[in-house]
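Here the structure is laid out as structure tokens; the discussion comes afterwards.
Bear in mind these aren't lab numbers, they're just calculated from the coordinates by the rules spelled out. As the structure is a prediction and not an experimental result, all values here were calculated from the model. Heads up, the Cβs are rebuilt from the backbone with ideal geometry, glycines too, and the neighbour counts pull from every protein chain shown.
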Amino acid sequence: MLKYIITTIFAFVFSFNAFANTSWDDILNAKKAPQNWLTHHGSLDGHRFSGLDDINKKNVKKLRVAWTAMIGGVEGGGIWDHAGLEGTPIVEDGFMYVTDGWGSVYKFDATKNGKLVWKMNPDTDHDFPGAVTCCGINNRGVALINNTVVSHTLDGRLIVTNKETGEIQQEVQLADAAVSEVITAAPLIVKNSAITGVAGAEYGIRGWLHSTNLADGSKNWRTYTIPAPDEPGGDTWKQGPEAHSKDAWMHGGGSTWVVGSYDPDLDVIYWGVGNPGPDWDNEYRPGDNLYSNSVLALDADSGKIKWYFQYTPNDPYDFDGVNEQTLVDAKVFGKKTKAVLHADRNGFAYALDRESGKFLWGTPFVKKLDWTVGLDKYTGRPLDYDPNKDVQRYVPSTSGFRAQPEGTSCPGNMGGKNWPPTAYDPDRNMYYIPVIESCAMHVNVPQEKEWVAREFWLGGGPKMGPQITGSVTAMDVNSGKVVAKYDMDYPQLGGLVATKGGLVFSSHPDGTIVALDSDNLKELWSFETNTGVNAPPITFEAGGKQYVAILAGLGGAWPKWFLSSTPGLEKVEPGQTLYVFGL
Amino acid sequence: MKIYNVLKILLVLMISSANSQPPKFDYGLSAYKKGNCMGCHKWHGDGGPGYGGAALSLRETGLDREQLTKIIACGRPGTNMPFFDKKAYIDDRCFGMKFSDFEGDDKNRPLVAKSYLNKRQIEAVVNFIINDLQGQKVSKDYCLKFFGKPTKSCDGL
């Protein structure tokens, strides 16, 4: 009898914990529970690698739709006629949490073929932020901690929702759409804090990262990515020809709209910082324009910048270096190294020593790169960078500037890669990159007008060039060399996941989902959703069975501005569906 | 006195009722949105730099009805202004040119719009530009008409 009571109590406590609490230890050890997909990138190191291998090279051909669910929130707002799906599903103990573009959170029971448990609608203001979000009505997902689901809304709020009931417990206003600050990134949980990044460089915000104490919603710290004149790096924002450019730093951009990574041993957050503004007029803002187009290593408790590495100083291309940072303990040039990997919009993939920020290697991952002749092998700076000049020209024919308003670069302004995340396979020491193989023209329009709230702050714009294609590219982390490419008719706009089963799951923006062989990127399986796919796949286990999940719904900036470079994609209609596949 | 008060209340109710009428449906505005014109010319029509390139101000433009119609139908090769006529550059209706004339010329090739507009829709967009944008400043009424309901975007106008 005693044994029965103890067993019952143990089972109750265990089940309560399993359903109610996501501890910080659970998050730290996410890789040890591959049945879950517990954080945005699967683990805090940003690998997007799953230890599950029930679905593998031998049987992936048998993969079929297990269940689907319709997601709401397709309606438009502001200047957008529809929203999109760019979210990464989070899975814990058979329950899945996904977001739609307007920040509603859906909890599905994956053990019951996707039965909806609850939906939390944060009543996001559609028109006010929708009129100034640069690149679509998007929300990239939630984070879990304790008994709560933490999420963002486009209108600038951090929302804390009860995981069991779907009731909002707390909300904190962090971003201000009156000055074009909006939030599209998922939050990053570090200990009992949520780290929030902001979007809006195209409207001249001053970017920041904000740490919220989840116990009471108070601010732990806010670190601006563009320093004030009296701060370190402040002297990299000099006055240009216009008198009002003396305050260029106040509208210097440096958004943080893709979630970062965290190293618990070093207690350091790694977060990418976006482009400077105005994007296409680097003569307006002479200097390197720190910390735009950089990775920041920040002390997790204070937000203090420990080191930085800048990919494209004084950027004239909109090479927004904001995307994910992947932390690997791997062989680099034969030596075990704590490295941070990053595939930048400028077309180079980088490996840095993540304790010091020292450059290790940088290699083009795109087929065509012509804006610089290469990177300095010691510093990682573009070889055309001139330390004696405040305004960089790089290869002059590739950018627009005041004496030559047009130039064409490869990659183009959408980059060699955009926000869709990479995946890293530690078994193979292989880095998989979703690639936009592109060139585009840059048109400079001098920023003679002063900054006006909620008006574009661009100093020009792009113009479409030749047809844009894409690929999935595999790089060997040890050597920094490209070892395989999977060519695509269209750019890769969704991101990747790699698995222990020797597979890389990927997508095409016209709706095809594919499984590739991790060793050579040969296509092993495909499925047609016949809608746009702009979201990353994940894999998880429910009821002892492995599944692959992905959101399908046309979104982002591509349908609004770049269709003329991808003929055929204009036929893709918006849709909002969650697909889950199983054997 | 009582009758006067009742009449006054009725008058106030009539005025407030008239003011709270939702903006009248405008086929031209609907086509403007369908064509994603606001993607470059912005919701206010005043254009300026953007991801779509440096777009013309439709409030300051001196183009006449015929010129506006032609440019919407055919676009402006060499710029980011796309063509909206489904048959543009298939026959010679646009500047006497066809797609084949632009082969190998990525800089000047005509760009296809996100959605085609038919003749009636193009005419409606032109009417909308002439009646609601050209030569006019952005007003609160226009803002409310564009967004179709009260929004903070119209505050301060």
Exercise. Just the C-alpha atoms of the protein assembly as shown: what Rg/Rh do they give, with Rh taken as the Kirkwood radius?
Worked result: 0.98
For this session: Restrict the search to the range A:30-94; then list the GluC sites (Glu not before Pro) that DSSP places in a loop and that have at most 15 other Cβ atoms within 10 Å of their Cβ.
Result: none
Seminar exercise, completed: Each residue of B:41-50 has, on average, a number of other protein chain C-beta atoms within 10 Å of its C-beta equal to 5
For this session: In debye, nearest 20, what is the charge dipole magnitude of the range B:49-142 about its Cα centre with +1 on Lys and Arg Cβ and -1 on Asp and Glu Cβ, if you could check?
Result: 240 debye
For this session: Return the subset of A:Lys481/A:Lys545; B:Lys70/B:Lys98; A:Lys417/A:Lys560; A:Lys191/A:Lys545; A:Lys32/A:Lys485 for which the Cα-Cα distance in this structure is over 24 Å, preserving the input order.
Result: A:Lys481/A:Lys545; A:Lys191/A:Lys545; A:Lys32/A:Lys485
Problem set entry | Exercise: per-residue mean of other protein chain Cβ atoms within 10 Å, B:106-113 | 4
Exercise. For the Cα atoms of chain A, what angle does the longest principal axis make with the long axis of helix A:2-20, in degrees from 0 to 90, nearest 10?
Worked result: 30 degrees
Exercise. What FRET efficiency would be calculated for the residue pair A:Glu523, A:Lys246, taking the C-beta separation as r and a Förster radius of 51 Å, to the nearest 0.05?
Worked result: 0.40
For this session: Check each of the trypsin sites (Lys or Arg not before Pro) in the range A:243-307 and keep only those in coil by DSSP with at most 14 other C-beta atoms within 10 angstrom; list them in order.
Result: A:Lys304
Exercise. Points 7 angstrom from Cα along the Cβ direction at B:Asp64 and B:Glu103: gap in nanometres?
Worked result: 3.8 nm
Problem set entry | Per DSSP, loop chymotrypsin sites (Phe, Trp or Tyr not before Pro) in the range B:24-126 with at most 11 further Cβ within 10 Å | B:Phe25
Exercise. Taking R0 as 30 Å, what's the FRET efficiency between A:Asp427 and A:Asp489 from their Cβ-Cβ distance, rounded to 0.05?
Worked result: 0.50
For this session: On a C-alpha basis, how far is the centre of the range B:135-157 from the centre of the range A:196-215 in Å? Whole number, if you could?
Result: 28 Å
Seminar exercise, completed: If each K or R counts +1 and each D or E counts -1, the residues other than A:Tyr486 whose Cβ falls under 11 Å of its Cβ total -1
Seminar exercise, completed: Expected unfolding gain across A:Ser356-A:Thr577 under the 0.36 nm per residue rule, minus the alpha-carbon gap, is 75.2 nm
Exercise. Tell me, which longest segment in chain A has none of the chymotrypsin sites (Phe, Trp or Tyr not before Pro) that fall in DSSP loops with at most 13 further Cβ atoms within 10 Å?
Worked result: A:1-332
